[in-house]
1. It is to be established whether one or more residues within region 43-51 are at pLDDT below 80 and either small (Gly, Ala, Ser) or surrounded by 10 or more Cβ atoms within 10 Å (Cβ to Cβ) (or both).
2. Under 7 Å between Cβ atoms, at least 6 apart or on separate chains: pull out the pairs that start in region 61-74 with a residue that is closer than 15 Å to residue 48 by Cα and end on any residue that is part of a loop (DSSP other than H, G, I, E, B).
3. From the list 60, 33, which residue is of a type in the set (A, V, I, L, M), outside any strand (DSSP E or B) and in the same structural domain as residue 72 (by TED's automatic domain parsing)?
4. Considering region 1-30 alone, what residues qualify as being part of a helix (DSSP H, G or I) and either in contact with a His (Cβ under 6 Å, 6 or more places away or on another chain) or surrounded by 13 or more Cβ atoms within 10 Å (Cβ to Cβ) (or both)?
Amino acid sequence: MFEDAQVKHLGNAQDVPNDEDRHIRLIGEPVTLSCTPSKMVARPPEFGEQTDEVLKEFGLSADEIVELRRYRVV
């Protein structure tokens, strides 16, 4: 994908830091806005990485989250 002529022409490939002090190459936004250009500054979360934070936002307590994990709901 990174060798695609259009990706190269648009400069959509971006290097983003990951947890291991290395960089991963990702495809950025498909469009470029002149007044509000975008740039990825962080990697996307790993699967399940933000589960606790999301459940807390929905109002679940730490005990409820532990119980969901015990029953393998999450």
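1. Just the residues of region 43-51 that are at pLDDT below 80, to begin with: 43.
Then keep just the ones that are either small (Gly, Ala, Ser) or surrounded by 10 or more Cβ atoms within 10 Å (Cβ to Cβ) (or both); that gives 43.
Yes.
2. Taking only residues 6 or more apart or on different chains, the pairs are 68/74.
3. Working: 33 fails: in the same structural domain as residue 72 (by TED's automatic domain parsing).
From the options 60, 33, the qualifying one is 60.
4. Here is the first cut: in region 1-30, the residues part of a helix (DSSP H, G or I) are 5-10.
Those that are part of a helix (DSSP H, G or I) and either in contact with a His (Cβ under 6 Å, 6 or more places away or on another chain) or surrounded by 13 or more Cβ atoms within 10 Å (Cβ to Cβ) (or both): 7, 10.
The values are calculated or read from the model by the stated rules, or taken from the named source; none is laboratory data. Keep in mind the model is a prediction, meaning the values are calculated, not measured. Neighbour counts run over all protein chains shown; Cβ positions are idealised from the backbone, glycine included.
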